[in-house]
Amino acid sequence: MAGEADTQQHQRNHSRQHQLLIVDDDPELRRFLAGELEAEGYATSEAANGQNALVKIRESPWDLVILDWTLPDFSGVEVCRRLRSSGGTVPVLMLTARDDVRERVEALDSGADDFITKPFSIEELLARVRARLRRSGLNSATASGETLSLAGLVVNTGSREVSRNGAPIHLTVREYDLLLCLLREPNQVHAREAILKTVWGENHFGDDNLLDVYIRYLRRKVEQPGQPTLIQTVRGVGFMLKEGAVRS
């Protein structure tokens with residue numbers, strides 16, 4: 001029992017290192033989320049609008065931003081776009097009342113790493129926070145830099161720079177994570193379910209057509225006419241990264 005208690009205390013002490021920013025114009029919801037997160041050992045700060053959020057994100061390092069879609073000045077999607085366009089890589093968990101697949105794609109394509117639909121249970125939100133922070137910890141383990149390449153495609157995991165035949169390729173956070181998932185094990189078939197868990201997290205649920213949407217986005221950027229194809233579809237199973245025929 002003492003060993004278990006020590007382990008739990010160590011986990012809680014470790015979680016206190018995580019800095020979370022809550023962005024929502026509802027002060028009661030902000031206070032509620034802050035109270036629940038702090039009870040789990042996280043440090044929190046708050047912002048009531050998009051402009052204040054961007055200022056705070058620029059001024060301090062954050063482990064995660066919990067961002068509402070609807071804000072009084074501009075949307076959470078716009079916050080994500082401005083954040084990513086300026087080079088910000090902090091993970092973003094978006095809160096939204098929107099459940100249409102096109103709007104979810106818009107949120108993810110803007111640079112959000114995950115989303116949760118209102119109304120939500122606090123247990124689900126805490127689980128998504130834990131999952132996102134675990135993924136961030138795994139990503140930071142390769143921050144010193146590792147170079148992966150295939151058929152002229154080069155990815156530096158430290159700088160997150162992507163190029164093909166020397167030409168830079170600009171990817172969203174989600175596109176980069178998807179490419180890295182396939183490139184870490186080239187010439188191997190990756191099942192759809194495995195890709196979804198790796199890129200969208202273990203708690204992903206919903207329409208897996210999102211994967212097909214992002215595969216199309218990625219193909220447009222990494223496959224150009226006159227170059228070999230890279231992303232191969234294995235019908236009924238999933239996808240793999242393998243040098244294919246030259247694209248016409």
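The values are calculated or read from the model by the stated rules, or taken from the named source; none is laboratory data. Because the structure is predicted, anything quoted here is derived from the model rather than measured. Heads up, the Cβs are rebuilt from the backbone with ideal geometry, glycines too, and the neighbour counts pull from every protein chain shown. For the accessible areas, the whole protein counts, side chains as well, though only heavy atoms, and no ligand, DNA or RNA atoms are used. Shrake-Rupley method; radii C 1.70, N 1.55, O 1.52, S 1.80 Å.
Okay, here's what the table says:
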{"quantity": "Listed residues Met240, Met94 arranged by accessible area, highest first, probe 1.4 Å", "calculated": "Met240, Met94"}
{"quantity": "Rounded to the nearest 10 Å², the accessible area of Lys118 at probe 1.4 Å", "calculated": "60"}
{"quantity": "Spin-label zone in segment 48-64 - amide nitrogen under 19 Å from a point set 7 Å from the Cα of Leu29 along the C-beta vector", "calculated": "48-54, 64"}
{"quantity": "222 nm mean residue ellipticity, helices alone, for the chain (DSSP H n ≥ 4; -39,500 (n - 2.57); rounded to 500)", "calculated": "-13500 deg cm²/dmol"}
{"quantity": "Reference-scaled alpha-carbon Rg (2.2 N^0.38 Å with N residues) for the chain", "calculated": "1.07"}
{"quantity": "Solvent-accessible area per residue, Å², over the chain with all protein chains present [probe radius 1.4 Å]", "calculated": "50"}
{"quantity": "Nitroxide proxy distance, nm - points 7 Å out along Cα→Cβ at Gln19 and Val189", "calculated": "4.6"}
{"quantity": "More than 24 angstrom apart: percent of Cα pairs within segment 150-248", "calculated": "17"}
{"quantity": "Surrounding net charge for Val222, when Lys and Arg each add one and Asp and Glu each subtract one, Cβ distance under 11 Å", "calculated": "+3"}
{"quantity": "Heavy atoms of Phe239: accessible area, 1.4 Å probe, square angstrom to 10", "calculated": "10"}
{"quantity": "Extension gain (nm, one decimal) between Ser159 and Ala43, 0.36 nm per residue minus Cα-Cα", "calculated": "39.0 nm"}
{"quantity": "Protein accessible area in segment 77-193, 1.4 Å probe - carbon and sulfur %", "calculated": "49"}
{"quantity": "Hypothetical label at Arg247: residues of segment 209-224 whose amide nitrogen lies under 17 Å (7 Å Cα-Cβ projection)", "calculated": "212-224"}
{"quantity": "Highest-MSF residue in the chain out of Thr147, Thr44, Thr198 [GNM, Cα springs under 10 Å]", "calculated": "Thr147"}
